[in-house]
Protein chains: 2
Amino acid sequence: MNKGSVNKRPTIVDVATHAGVSTAAASKVLRNAYGVSSEMKAKVQASMQALGYRPLASARGMRGRTHTVAVVVADLHNEFSSLLVEGIRRECERQKYRLLVAPAGSGKNAQDRMVEDLIDRGMDGIVLISPLGTDSELETMARNIPVVVLGRHGASPDFDSVAADDFAGANLVVDHLVSLGHRQITYVNHTTEGTNDARLPEEVRVRGYVDAMIRHGLGDAIDIIQSQWSQEGGEQSGRLILSRAKRPTAVFAGCDVAAFGVLTTMWNAGIRVPEELSVAGFDNIFTTSLAPISITTIDQSGLDMGAAAGRLLLERIGGRTEAVSSVVRPTLVARKTTAAPMQSSNEFPPAHGATTVSTEM
Amino acid sequence: MNKGSVNKRPTIVDVATHAGVSTAAASKVLRNAYGVSSEMKAKVQASMQALGYRPLASARGMRGRTHTVAVVVADLHNEFSSLLVEGIRRECERQKYRLLVAPAGSGKNAQDRMVEDLIDRGMDGIVLISPLGTDSELETMARNIPVVVLGRHGASPDFDSVAADDFAGANLVVDHLVSLGHRQITYVNHTTEGTNDARLPEEVRVRGYVDAMIRHGLGDAIDIIQSQWSQEGGEQSGRLILSRAKRPTAVFAGCDVAAFGVLTTMWNAGIRVPEELSVAGFDNIFTTSLAPISITTIDQSGLDMGAAAGRLLLERIGGRTEAVSSVVRPTLVARKTTAAPMQSSNEFPPAHGATTVSTEM
DNA sequence: TAGAAAGTGTATAACGTACTACACGATTTG
DNA sequence: CAAATCGTGTAGTACGTTATACACTTTCTA
């Protein structure tokens with residue numbers, strides 16, 4: 001360890017000495033606080049420049065702000081989360097804040113511990129993406145640190161929230177499919193063990209599906225598969241659909257990843273999409289536009305949502321006290337996995353290949 | 001602001017008082033430092049439990065460690081990065097360290113500023129994923145903070161590194177294609193403006209391709225397209241290939257995302273894969289296994305690489321001084337986009353559809 | 001059995017910044 | 001023209017933790 005070559009990092013005291021002023025003055029300049037003349041400001045800034053001074057966040061954190069915020073995300077693999085994060089990041093950059101991403105892992109405990117750790121580490125505020133937990137739990141959190149909730153519905157007096165209108169999104173998909181002539185539309189839902197929070201996106205989307213079906217007079221055709229929004233969940237749902245004597249003409253997966261799973265099953269079984277079955281997703285992740293059969297889906301403009309969340313968080317850190325709740329309008333992106341159903345499609349015979357499905361590599 | 005209801009956060013002084021010992025003793029217990037009896041330890045831990053004490057990282061950071069490390073990543077959209085991050089995270093979790101992800105954005109300046117900010121924020125160490133910059137720049141960094149470099153080749157005395165053997169990976173692909181009977185194998189390379197660092201993965205991979213071709217006596221067939229490892233770059237490469245009178249029988253894209261681009265072009269042009277053209281990628285990102293035509297690619301076991309990087313970083317924070325450089329052996333994942341070439345495939349006529357390629361939605 | 005070593009606990013000085021309180025001269029007010 | 005106000009700068013302490021230095025026992029060594 002060659003300590004000799006390591007020049008000690010300059011502190012605000014060094015800056016003050018170099019500029020010939022008090023540390024208090026230097027601190028004021030740093031924070032551009034009230035009570036500094038323009039010449040003082042110039043002098044101190046010159047010294048900071050000359051010494052290559054950089055404020056130490058750990059030390060600042062003990063009394064003031066660290067100028068750092070974090071976004072808590074369960075899973076980085078989710079492309080949509082990445083979009084949200086990027087939106088937040090850009091807004092933070094604009095305002096000279098640093099954004100760090102905190103991968104909490106799944107499960108409520110893991111997320112709660114992460115939030116505590118972030119508070120311990122002096123974050124000035126946090127964004128939570130689709131957090132688990134009740135309103136009152138989130139409100140308790142929000143009393144300790146500024147919080148913006150992203151992708152979870154419902155307003156609260158204690159924290160801000162930004163969410164897409166999942167109800168309207170689900171409506172758009174059903175309207176689209178009905179306008180193409182579909183009447184048998186199956187919905188793939190996401191269910192979490194022990195969680196039953198009406199504010200979660202999945203709950204809102206399924207309500208949107210049900211509502212739209214009823215509105216179109218298709219209440220009797222409502223068909224919901226309880227599954228998981230994952231590749232595997234989608235594949236299982238697809239196999240379930242194939243195993244039925246009477247199949248739907250369209251499948252609406254509540255999430256793009258699940259839609260991919262459904263499609264995988266169909267491709268493997270030789271079912272033509274969209275001729276024999278229409279499939280729609282939700283989220284408009286990048287991959288939906290990329291694959292050979294591009295998926296009809298709902299765009300939530302993740303970048304905008306993220307940016308909105310970032311803006312709200314920084315506002316609140318800046319002092320705003322009344323809560324703001326913002327809803328983003330989603331749009332339909334019609335692509336190639338949806339089309340009018342075949343004439344006699346309601347009754348085509350079960351494919352014998354349905355039981356030879358394989359997802360092995 | 002109802003401050004009255006906010007119980008002040010307990011400090012280590014509160015813990016010490018509650019346990020009836022000195023703060024020094026409490027601190028020792030917290031850090032499990034040398035010089036505490038087991039009864040002292042039990043007593044203090046009980047008090048910490050009782051008060052719900054949590055150490056404040058900002059304060060710790062002023063003198064000791066924050067028990068936090070960060071991984072700097074240019075782009076969260078890259079699925080492979082997510083894998084690496086997850087690997088690091090798991091290792092950190094095992095050792096009671098917190099991992100934060102620092103999205104730097106692209107460009108060397110942005111990355112350098114991020115590293116400075118992370119040092120300011122008291123990180124105990126950082127992992128850099130495929131960083132830009134020269135060895136000496138990285139070494140300068142590494143003298144200020146423990147550094148592990150991930151996905152960049154070459155050892156240094158000042159920092160640890162973990163990389164896949166990209167040379168061997170490229171060899172595996174070429175060997176695979178040659179063993180199928182291919183001789184005309186085109187490589188899609190990645191080039192960055194003004195960067196020419198032999199230690200970057202892209203440089204190593206292209207050398208691996210060239211070397212393998214020569215080894216198989218196919219030196220004259222070497223064909224490298226200078227492009228970008230992105231969807232768009234892959235599509236352009238695909239169009240370039242289609243525009244040629246004499247086409248290759250196989251395309252080796254140095255990155256899965258680029259392979260997707262190539263495939264998109266082929267699908268749009270009606271070229272059958274792998275019958276008319278074999279396509280291979282590199283990275284084994286999740287999407288390659290998911291799509292209807294699963295892509296032959298190279299697996300680098302990102303989770304293992306990440307875990308190795310995490311382990312090295314924590315070791316070094318723990319005091320190791322000699323540098324370690326670790327190389328991971330990649331494996332071939334043969335899927336459905338590669339097969340033996342058609343008999344007369346070398347001279348099939350240019351597809352008339354080649355000029356009607358469209359990537360619009 | 002004296003002296004060294006090992007084990008266990010404490011007092012206290014940093015660490016770098018923010019901010020309250022105050023001092024002082026210059027300006028405005030009544 | 002005295003008093004109040006304003007603008008600008010400083011002194012000094014608090015923030016929560018680590019770690020060095022030391023004191024006091026107890027146990028080992030020669």
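Here A:Lys96 qualifies as more than 10 Å from DNA strand C (Cβ to nearest atom), under 25 Å from A:Val147 (Cβ atoms) and charged (D, E, K, R). Figure legend. Inter-residue proximity from the range A:71-90: first residues among the acidic types (Asp, Glu), second residues buried (at least 24 other Cβ atoms within 10 Å of the Cβ), beta-carbon distance below 6 Å, spacing 6+ or different chains. Indicated pairs: A:Glu79/A:Ile285. Of all residues in the range A:235-277, those satisfying the criterion of being closer than 18 Å to A:Gly208 by Cβ and buried (at least 24 other Cβ atoms within 10 Å of the Cβ) are A:Ala250, A:Val251, A:Phe252, A:Ala253, A:Gly254, A:Cys255, A:Asp256, A:Ala258, A:Ala259.
Selection within the range A:328-340: residues that are in a loop (DSSP other than H, G, I, E, B) and in contact (Cβ under 8 Å) with a residue 60 or more places away in the chain. The member of this set that is farthest from A:Leu263 (Cα to Cα) is A:Arg329. Taking the conditions (1) under 39 Å from the mean Cα position of the chain (by Cα); (2) more than 10 Å from chain A (Cβ to nearest Cβ) in turn, B:His77 satisfies each one other than (2). Of the helices (runs of 4 or more DSSP H) entirely within the range B:135-215, those holding at least 1 residues that are at pLDDT 95 or above and buried (at least 23 other Cβ atoms within 10 Å of the Cβ) occupy B:166-180, B:201-215. Among residues of the range B:220-240 that are among the charged types (D, E, K, R), those with a beta-carbon under 9 Å from a residue that is assigned to a loop (DSSP other than H, G, I, E, B) at least six positions away or on a different chain give the pairs B:Asp223/B:Gln184; B:Asp223/B:Pro248; B:Glu232/B:Thr359; B:Glu235/B:Val357; B:Glu235/B:Thr359; B:Arg239/B:Val357. State yes or no: is A:Gly122 in a loop (DSSP other than H, G, I, E, B), at pLDDT below 95 and buried (at least 21 other Cβ atoms within 10 Å of the Cβ)? Judged against the criteria, A:Gly122 is a match. Restricted to strands (runs of 3 or more DSSP E) entirely inside the range B:244-327, those with at least 3 residues that are under 26 Å from A:Gly270 (Cβ atoms) are B:278-280. Within the range A:99-118, if we keep just the residues that are surrounded by fewer than 18 Cβ atoms within 10 Å (Cβ to Cβ) and part of a helix (DSSP H, G or I), the residue that is farthest from the other protein chains (Cβ to nearest Cβ) turns out to be A:Lys108.
For the range A:262-278, the condition holds for no residue, the condition being that it is within 14 Å of chain B (Cβ to nearest Cβ) and under 19 Å from the mean Cα position of the chain (by Cα).
Any residue at all in the range B:23-46 that is near DNA strand D (Cβ under 7 Å from one of its atoms), under 30 Å from B:Leu118 (Cα atoms) and within 14 Å of another protein chain (Cβ to nearest Cβ)? So far as the range B:23-46 goes, yes, one or more of its residues are near DNA strand D (Cβ under 7 Å from one of its atoms), under 30 Å from B:Leu118 (Cα atoms) and within 14 Å of another protein chain (Cβ to nearest Cβ).
The values are calculated or read from the model by the stated rules, or taken from the named source; none is laboratory data. If you're wondering where the values come from, they're calculated on a predicted model, not measured in any experiment. Backbone-built Cβ (ideal geometry, glycine too); neighbour counts: all protein chains shown.
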